[in-house]
Structures are given as structure tokens and as C-alpha cells.
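Trainee: Supplied in C-alpha cells, the structure appears directly below.
The values are calculated or read from the model by the stated rules, or taken from the named source; none is laboratory data. This structure is a prediction, so every number in the text was calculated from the model and none was measured. Positions of Cβ are backbone-derived with ideal geometry, glycine not excepted, and every protein chain shown enters the neighbour counts.
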Amino acid sequence: MGVARVIQYGKEYATNFPVSGAGTALVIGQIMKRGPTAGTNTGFLIQATGAGAHPDCVGVLMQTLVATTLDTDTGGTIFTLRPIDLFDDFRAIRLEYSLDAADDIDATQAVTTTTITLTSLEDDIDAGFLYVVRGTGIGQTNFLTASAAGSATLKAAFGTNLDTTARLVKILPRFHQTAQLTSAGTRLASAAAAGSINVVVLDTFIVRNGQEVQMSPVDHAALTGLDSYSQLSFEADVAIQDTFAHPID
């Protein structure tokens, strides 16, 4: 069972985030911000331009993005990383998602298409993942291309359809700003509803038999057979926003 590990984010370390220019080439020195619009740019960074308000600016782009065909998209077909020089140096913690029965979500309806209905599912988790942790369809992942309160759209239908025995782990999208901890406070839980802890999810990883890989909707949206691994975990780098020394309330 994993416990929290401190991860340093800052100028001394390469910080690669998914980015999009929305059809416009990006240049070195471009200020980048968290994509704020569900269904359009959730889960990646976009450029901050003009005179509009730009909350959640993250840093400065350190490498050009010339080819607009490399724009990270919400459909999960393109995933382009570029190094970002962060405005703030800070520490995050690496947390595992709990795979325990006490911390998963039940499939409230059968899933045979690209639509999944989950009672009380939080809105705006586009660019997140689901993992079937037990029941029918166990061992599969899927990527969420859109979401609404109570339902979500999958990148593609599951290879094995789900029924109401299926139990799911909700893997939050990058730059999501709420989460829930397990009762022990050492891992992330997967309640359907939005969490109440103010965080920023910075990155997501899959670990199979000790091999850690940054999750991508291109490579990890339709995995199968993950239940056959002797060791499997999903992990996230999470920055806690409300801390003892830096309260936001």
C-alpha cells in the first residue's frame, strides 16, 4: 500500500505538461494557463493572451509548438507535452488512487456504448480516466472526452461491456481542483461526487509491475487485462492548495 511522497516542482526540474495552441503556433516565452472550459480545453494548458482575465497562469513555455496538428485535444487523439518554466516553485505529493472496494464507484447502469451513466458523478471531469477495478469488464481503462453531472462520454466503448457488478476508479484530469482522500488520508478515493479538498492535480501515472508511465489518452485509453498484473497502481501528483502556512480561506 502506497503512502504520500513529496515531489518537487520548480525550475530545477523538467516540468512537462500537455499544451495546445488551439490552431495557433506557440512560441518560447508564451505565458500558459490552465484550460478553463469543459469540453474545449480541460486537462491541458493554453496560451494567455490579450486583455482578458487569466486566472490560474502556470508558467512560461520553454519550447515552440509550430505544427498545429500537435495540439493536445479533448478527444484524446493527440497528447503533446512541452516543458513549462513554472511561475511558482512548490511541492506536490505523489498519491495512489485507492483500489479498495470502500473507495470505488458502482456502475449504476449497464455500459454498452460510449455513454456511461453514474449516479451523482461530478461535472467537468473531461480528460479524466476510468478504471474497472472489479466485476464485469475488470482490468479495462477508458478516457472521458466529455462529462456532465451524472454521466460522461467515453473515447470508445469498452471492449467488454459493463453491467451493474462493475466497480470503477475515477482518475481525475490534469489541473482538476478538487479531490477526496481515503479515510486513512494516505491515498485518493474515487467517490462519484466532487471532492471537498482543494487541490491541483498536476500529473497522472500508471504503474505496472514497477514500471511507471505518464498516462496519455493516446496510449492508455483502452487498456485491457490490467487485473493480471501482480502489481498495479494509478498515481497522481497533487498540490494541496489550502495548507497551514498558506490558507485560501
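Trainee: Is it the case, given these coordinates, that ARG208 is closer than 22 Å to GLY2 by Cβ and either free of Cβ contacts under 8 Å to residues at least 40 places away in the same chain or in the same structural domain as PHE79 (by TED's automatic domain parsing) (or both)?
Mentor: yes
Trainee: Moving to a separate point now. Just checking, how many residues over segment 1-22 are closer than 24 Å to THR153 by Cα and out of contact with any Leu (no Cβ under 9 Å at 6 or more places or on another chain)?
Mentor: 1
Trainee: Can I ask one more? I'm told THR42 meets every condition in (1) within 19 Å of LEU172 (Cα to Cα); (2) surrounded by fewer than 17 Cβ atoms within 10 Å (Cβ to Cβ); (3) modelled with pLDDT under 95 except one. Can you identify the failing condition by its number?
Mentor: Here THR42 clears every test but (2).
Trainee: Go through ALA22, ALA53, ALA67 for me and flag whichever is over 17 Å from the mean Cα position of the chain (by Cα), on the phi > 0 side of the Ramachandran plot, among the hydrophobic types (A, V, I, L, M, F, W, C) and at pLDDT below 95.
Mentor: Going through ALA22, ALA53, ALA67 in turn, the sole match is ALA22.
Trainee: Which one of the conditions (1) crowded, with 23+ Cβ neighbours inside 10 Å; (2) out of contact with any helix residue (DSSP H, G or I) (no Cβ under 8 Å at 6 or more places or on another chain); (3) outside any strand (DSSP E or B) does ILE116 fail to meet, given that it meets all the rest?
Mentor: (3)
Trainee: Give me the residue from segment 189-215 that is surrounded by 18 or more Cβ atoms within 10 Å (Cβ to Cβ) and of a type in the set (Ser, Thr, Tyr) and, out of that set, farthest from THR114 (Cα to Cα).
Mentor: Across segment 189-215, the extreme among qualifying residues is THR204.
Trainee: Another question, if that's okay. Taking strands (runs of 3 or more DSSP E) that fall entirely within segment 1-106, which contain at least 3 residues that are farther than 30 Å from ALA184 by Cα and of a type in the set (A, V, I, L, M, F, W, C)?
Mentor: 57-61, 81-86
Trainee: Inside segment 216-238, can you point out the residues that are surrounded by 16 or more Cβ atoms within 10 Å (Cβ to Cβ) and part of a loop (DSSP other than H, G, I, E, B)?
Mentor: Once the filter is applied, which keeps residues that are surrounded by 16 or more Cβ atoms within 10 Å (Cβ to Cβ) and part of a loop (DSSP other than H, G, I, E, B), segment 216-238 yields SER216, PRO217, HIS220, ALA221, ALA222, LEU223.
Trainee: Also: Within the group THR117, THR113, which residue is at pLDDT below 95, more than 30 Å from HIS246 (Cα to Cα), of a type outside the set (Gly, Ala, Ser) and in the same structural domain as ALA179 (by TED's automatic domain parsing)?
Mentor: THR117
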